[in-house]
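Any read-out appearing in this document is the output of simple, stated calculations on the displayed coordinates, not a laboratory observation. In this text, all values refer to a predicted model and were calculated from it rather than measured experimentally. Neighbour counts run over all protein chains shown; Cβ positions are idealised from the backbone, glycine included.
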Amino acid sequence: DAGVTQSPTHLIKTRGQQVTLRCSPISGHKSVSWYQQVLGQGPQFIFQYYEKEERGRGNFPDRFSARQFPNYSSELNVNALLLGDSALYLCASSGRDVSYEQYFGPGTRLTVT
Amino acid sequence: AQKVTQAQTEISVVEKEDVTLDCVYETRDTTYYLFWYKQPPSGELVFLIRRNSFDEQNEISGRYSWNFQKSTSSFNFTITASQVVDSAVYFCALSEARGSTLGRLYFGRGTQLTVWP
């Protein structure tokens, strides 16, 4: 079975622009979470969705938004990009419940110039 | 508050040495899960293990072993007979099993392990 997939792999944007990142979970998984990993640090929780409903939101500004579609894929949107948004954005999916182990995708490397 | 501390920023060993990566956690919840992930240079986080707070039994999987001690809030990871392919950043993470933070992972800052041939 395919693992978690994310697109695009790399992205370069300019300050003030908007970006959309995409994630497809492992087949059969209903929960998707998004994490931001700044260089040299551990991933930080942004959002969690389960069965298309938002289950949790981390300490990120309203410029960050997400949604989950009926096929359980998900999008993360970031508006008004800042230099500090440059990071690796990781998507994770988990199976029956949000408390189970989360499997991560390869990430999207976002660079804001 | 939830917190995971990995005090070792970088560790270097020579191949075939044993190495232990330390992890100390803080949580007010009595039911929680602990995880270890490996992040090779490619960037993808690879799941290694999940333990729940009620199971303090140590676990061994090949060259990997984990020591969970609730009394000291530690969940340490040992690699026996390390290999060059073990070189990566290793993250310890905590997830609470109840409440508004259910399911979200709290990561430590990671330990960069370098295994030299």
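Quick rundown of the values:
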{"item": "Geometric extent, Cα atoms of the protein assembly as shown - Rg, Dmax (angstrom)", "result": "17.5, 51"}
{"item": "Fraction of beta bridges assigned by DSSP in the protein assembly as shown that are antiparallel (%, nearest 5)", "result": "90 percent"}
{"item": "Rg in Å to one decimal, and Dmax rounded to a whole Å, for region B:1-73 via C-alpha atoms", "result": "13.6, 39"}
{"item": "Relative contact order of chain B, defined on C-alpha pairs under 8 angstrom at six or more residues apart (%)", "result": "37 percent"}
{"item": "Cβ-based net charge around B:R51, under 13 Å, with every Lys or Arg adding one and every Asp or Glu removing one", "result": "-2"}
{"item": "In order through region A:107-113: 3J(HN,Hα) via Karplus (6.51 cos²θ - 1.76 cosθ + 1.60), integer Hz, x for Gly, Pro", "result": "x, 10, 8, 9, 10, 10, 10"}
{"item": "Shielding by partners - mean other protein chain Cβ count within 10 Å, residues of A:46-58", "result": "2"}
{"item": "Gaussian network model of chain A, Cα within-10 Å springs - most flexible of A:P43, A:P25, A:P70", "result": "A:P70"}
{"item": "Gaussian network model of chain A, springs between alpha carbon atoms under 10 Å - residue of A:G16, A:G42, A:G56 with greatest fluctuation", "result": "A:G42"}
{"item": "Region A:1-100: relative contact order in percent, alpha carbon pairs under 8 Å with at least 6 residues between", "result": "36 percent"}
{"item": "Label-to-label distance, nm, for residues given as A:A80 and B:I11 (7 Å Cα→Cβ offset)", "result": "4.4 nm"}
{"item": "Cβ neighbours within 10 Å from other chains - mean over A:35-43", "result": "5"}
{"item": "Gaussian network model of chain B, springs between alpha carbon atoms under 10 Å - residue of B:F47, B:F107, B:F68 with greatest fluctuation", "result": "B:F47"}
{"item": "Under DSSP loop assignment and at most 15 Cβ neighbours within 10 Å, longest trypsin sites (Lys or Arg not before Pro)-free interval of chain A", "result": "A:16-51"}
{"item": "Square roots of 5 times each gyration tensor eigenvalue, C-alpha, region B:38-117, largest first, Å", "result": "24, 17, 10"}
{"item": "Column: log10 I(q)/I(0), Debye, Cα scatterers of chain A, q = 0.13 Å⁻¹", "result": "-0.43"}
{"item": "Reachable aspartates and glutamates from B:K3, criterion Cα separation under 16 angstrom, eight or more residues apart if same chain", "result": "B:D22, B:E26, B:D29, B:E96"}
